Every structure is written in structure tokens, then in C-alpha cells.
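> This structure is in C-alpha cells; I'll ask about it shortly.
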Amino acid sequence: FWTKNRPKMRSFVLACTSLAATASVDASIASATAKNQTTRQLRGSCIPSYHVNCMKNTNCCDPTTTCYAKDQEVAVCLHSCQPGIHSNDLPQYRTPWSCDVVGVSQATEEHRPAEGKCTPNYHVNCMHNPTCCDPNSRCYAKDRAVAICRQSCEPGIHLDDPPQWQTPWSCSLVPPSSPSSPSAPSGMGPLATLRRPSDGKLMDFVMYRAQNDANYPLENVNAGNLEGIMWYLQNEVLSGVYGPGPKFGITRILRIRVQVRATQPLLDLGMNFGIRVAFDSGKCTGPDCSMDWHDYGYNVGCNKLGDWPFPTYDTHFEGGIWYSLPGSCPSLSYLHKSDDSACKITEPGGKCSGVPTGAGDCTWNYENAGELQLTELYRETSERSFWAGNSNAENQRKVQVAKELFAAKYGPDPPVPPCDFDEAKIFGR
């Protein structure tokens, strides 16, 4: 891929990182390839999200993303794409995105009634919009989170899925959405228990987040415990598989003190945490954002590394956890929130001032509690030596170094509550 597309490579931050064809890039990629063979083998021949040009290979590793074109040369696997200028591109590359879906045939386009009304085949999740653009296709479910428009479906393992996604397909047909059902994150449901404080215990603990030098209020973002963040840094930010340089320009690990209280519908199912959703530029992209907010309020979600929804393989970072922190208006990206004050009223989110009550719109708050520059991890070694190896013991060493540096600055962390999210309880209701 890199060799064939070298003349056309470009550099983006947030949307896509540097793909420039220079000798130094060649050397960085060669080094990254040798160091990260395991990561590449996990992804197979598919294209990772955000940072690799998918113009010549539209098979996105994440089946909930689509290969969207910026122009005639560059396309990226994204959860969503808004035509026009993207302010998170580097200034010298801030030209309009067309957001055309790459790989969709002319015949399919002719059957597309209007933008957002149907779902193209193979690379877009149709779970919440089962109207397929191809009249000969139907929306078949893989599991409770992912469904794809295709002409036929055989239950079981599909060998043409990327290795990390080779889990069984149920191939059950997704029924048409009810007209009254929300197709994007929306306000809470009518349950009275979401309108009043819950009887859940207040959880007070520390989360971490990898971030660049920019400072902004945290909401509609993902965070993790220290094990989870160190996995993210090693697997994505500094692995080299997304191109040279740190992904998103990340330079530091933020430490935040959070207070969390679960909503009553979650507590009634025996859980303090809900579905760990993903956020892309502040927009909830799944899984099941609409159902989650509607039925359980704007809850804090969690998942253990290795469990649904992602990553579902062994990361070798034992005890790793990822979290989702829903703020106001999670149905829109950062580019559009300021233009839609009504959305902030109808979608208040769970972040609130004061002690969280456990009502559907008051489930968490946070305060900044320190940070660690990535360069501090390498004071006694080189960056390359620090991140070497991917065994449980080697990764535990990395976590311990970070833990001791944080403790020396800010004291020990309070106990972390268990991630008690249970997929079967949520979807078996």
C-alpha cells in the first residue's frame, strides 16, 4: 500500500496523520513494520480508521466506518463525514472534503434516494438504518451491534472478515425502524426513574486520557484507566501503523478525578456502568447510542479490554478498562455543536456541576488532577526501548513506570470501581 501510493500521500492531524512520501517516512515505516508485526497481523489486509489512505483499498478494519473521500487522491475510514472544511486538518491541508463514499458503484448511487435515507453495501453499519441502497440486498446482523447490507448471508464465521473481526454472524434480518424510533443519539426516554436521582452509590476515582497540547473541556470523549491508556498509546498512538509520528499529535497523559453515579435503570439491572460507546470528534458513533441514552440516560460506559465492543482480542494489558463520558449534544461533532443550541437542550448529556445525582442528565463530573508528558516515561531509557515487547510482564512494567511517576507527583490513586457492564443484561432486557 505504502509503495503504490507514495506519490499521493498527504498529511493530516485528527482526520489523518502524515503520509508524505519522503526518505525519512520510508525509514520510519520500515522501523515501525519490524516493531509492530503483531499489530499488522491482527488487522490483516484491511485499512485502520483515521490515518491510512483507503482510496485504493476500501476495506475498513472497523465495520462501523466507511471510506470517505477528501478529494480524488485521499480518502480515510471514518465513522461519519461532513462535506466542507475540517478545522482539525493541518492548516496547509485545510481544503474541502467531498465526503463521497469510495467504492460505492454508480448503480448503487442511482438507487440512493437521498443522503442518509439508505445504507450502502458491505462497509456501513445498517443496524439503525436497515434500508439498503441496493434493492437486491438486505440488512443482516452479525451480532447485537453490527449489521451489514449484503445480498446473502451464511450464519457462522466469515473467512473474508479481517482476523480480529472473525466472530460468528447470526445473519438474522434487522427489521425496519419504527418511524418514532430515534436514528441518532437523542433525549432520554419517558421512564420516570431517569427524571429523578437514583439510589446508586457515588463513585469517586481517577481516569486517564491521552491528549495533545490543546486544552479544552472534556465531554463526549473516551478515557481509560492507566492500563487502558498505555495500551492505546502502544497499539495506536506510537505504534507506527498509522504513519510516522504520534497519532493525533498526542504528547501527554491527563489525569482526571471523576465522580460517577449510575442511573436507576442501570442499577435495576445490577450495573453501575453502561455501554462503552465511541466518540468521533465529539459525536457518538456507537454501538447503540440511541438505545443507550433513551433507556438508561446519559450514563458513563465501560468495557474491559478484551471484551465487547472493542478490542475483543487479548491486548496483554491485564486489567485495562475504557470509559465513555457523554456530554451535551452527543449526536453532533464538535464542528456543529455551537450552531445548534436546541440540540443542547434536547440532549443535555450526563455531565453536570456539583455532585452527580444519578438522574439521566446528571451522572458524572470531573476535575483536572495532573498530567504526565510522554517524554517523562523515557528519562532512564529511550522511547524505543521503553515500548519494546508486548508480553503481559513487559506491558506491566510500562504501566508501573507511569504509575510511579504519577504517584510521585500527585500521590496514590483511589481505588477504581469494577467495570460491571454486562452485555447480556442490557440486550436481554
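> With every protein chain in place, what's the accessible area of Ser98 (1.4 Å probe, Å², nearest 10)?
Ser98 has an accessible surface of roughly 50 Å² with all protein chains in place.
> Keeping all protein chains in place and using 1.4 angstrom, which order do Leu159, Leu218, Leu202 fall into by accessible surface area, from largest down?
Numbers: Leu159 145, Leu218 5, Leu202 65 Å².
If we order Leu159, Leu218, Leu202 from most to least accessible, we get Leu159, Leu202, Leu218.
> What is the set of long-range amide H partners of Gly301 at a cut-off below 5 Å, with H atoms built 1.01 Å from backbone N?
Long-range HN contacts for Gly301: Gly274, Val277, Ser324.
> Another one. Which cross-chain or sequence-distant (5 or more) residues have an amide H under 5 Å from the amide H of Asp280, H modelled 1.01 Å from N in plane?
Under 5 Å from the amide H of Asp280 lie the amide H atoms of Thr285, each far enough along the sequence or on another chain.
> Oh, and also: Using the Cβ atoms and a cut-off under 9 Å, what net charge is assigned to the surroundings of Asn222, where Lys and Arg are +1 and Asp and Glu are -1?
+2
> Given a 1.4 Å probe, how much area per residue of region 278-374 is accessible, in Å²? Could the numbers behind the result be given before it?
On the way: 3440 Å² over 97 residues.
Result: 35 Å² per residue.
> Also, quick follow-up: Taking every Cα atom in region 279-381, find the radius of gyration and the maximum pairwise distance Dmax, and write them in Å.
16.5, 52
> So, one more: Sort the following peptides by mean Cβ neighbour count (other Cβ atoms within 10 Å, averaged over residues), highest first: 390-399, 301-310. Present the calculation step by step, with values, prior to reporting the outcome.
Details: 390-399: 15.3, 301-310: 20.8.
The most tightly packed comes first, giving 301-310, 390-399.
> Label points 7 Å out from Cα along the Cβ direction at Asn136 and Ser172: separation in nm?
2.8
The values are calculated or read from the model by the stated rules, or taken from the named source; none is laboratory data. Just so we're clear, the structure is a prediction, and the values are computed from it rather than from any experiment. Every residue, glycine as well, gets a Cβ built from its backbone with ideal geometry; the counts of neighbours run over all protein chains shown. Heads up: the accessible areas ignore ligands, DNA and RNA and are worked out on the full protein's heavy atoms, side chains in. Shrake-Rupley method; radii C 1.70, N 1.55, O 1.52, S 1.80 Å.
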